[in-house]
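Undergrad: I have a structure here, written as structure tokens, and I will follow up with some questions on it.
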Amino acid sequence: MSLNRQKGIALVVVLSILFTLSILASTLVAQLAATLRVIEAKRNRVKVFHIAEGGIHKALWELARNPDYQGEAATALGNGFFTVTLEKIKGETNTLRIISTGRLDQVDARHPKQTISVVVKVAPEGTPRSLTVIQMTDD
């Protein structure tokens, strides 16, 4: 076998190896990018859950101080905001559903919202203010 032929075969082998390594590297980079997107989405879901939970805690605190509290809209908390609404439970006395929705400041598909609701029993007028959480749900 001539020296030129051996050099040609070596070149083909080296180029084949480089091509294979570049395919593996680009696959690895694509997989890493997808994993990072999943991690960020999970982190954002946890953040909006905690923001919504903060809205529930704020509403409980406000209700304990002020029986006329009606909720609030777009209250800033951390790098997001929450909205709280209150609903009276039909057929129940002194029972309210507190609904809190948390969002991040950036509202798009990667920044979801989270809604949590809590059913509370409020002490009747004329007694010391107390709240009892009966049920908590999240979507």
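Readers should treat all values here as calculations from the given coordinates under stated rules, not as data from a laboratory. These numbers were taken from a predicted model, which means no experiment stands behind them. Cβ sites come from the backbone with ideal geometry, for glycine too, and all protein chains shown count toward neighbours.
Undergrad: Have a look at 59, 8, 86 and report the one farthest towards the positive end of the charge dipole of segment 3-138, computed about the Cα centre with Cβ charges (Lys/Arg +1, Asp/Glu -1).
TA: 8
Undergrad: Might you report the magnitude of the Cβ-based charge dipole of segment 3-138 about its Cα centre, with Lys and Arg at +1 and Asp and Glu at -1, to the nearest 20 debye?
TA: It comes to approximately 680 debye.
Undergrad: Pairs of Cα atoms under 8 Å, at least six residues apart: use those to get the relative contact order of segment 1-104, whole percent.
TA: Once divided by the residue count of segment 1-104, the mean separation gives 23 percent.
Undergrad: Under 29 Å between C-alpha atoms is the cut-off here; go through segment 1-99 and count lysine pairs that meet it, provided they're at least eight residues apart or on different chains.
TA: Close lysine pairs under the 29 Å cut-off: 5.
Undergrad: While we're on this one: Which of 98, 112, 27 sits farthest toward the positive end of the charge dipole of segment 3-138, with +1 on the Cβ of Lys and Arg and -1 on the Cβ of Asp and Glu?
TA: Going by the Cα projections, it comes out as 27.
Undergrad: Further question on the same structure: Sorted by average packing, counted as other Cβ atoms within 10 angstrom per residue and highest first, what order do 44-56, 79-91 take?
TA: The peptides rank, most packed first, as 44-56, 79-91.
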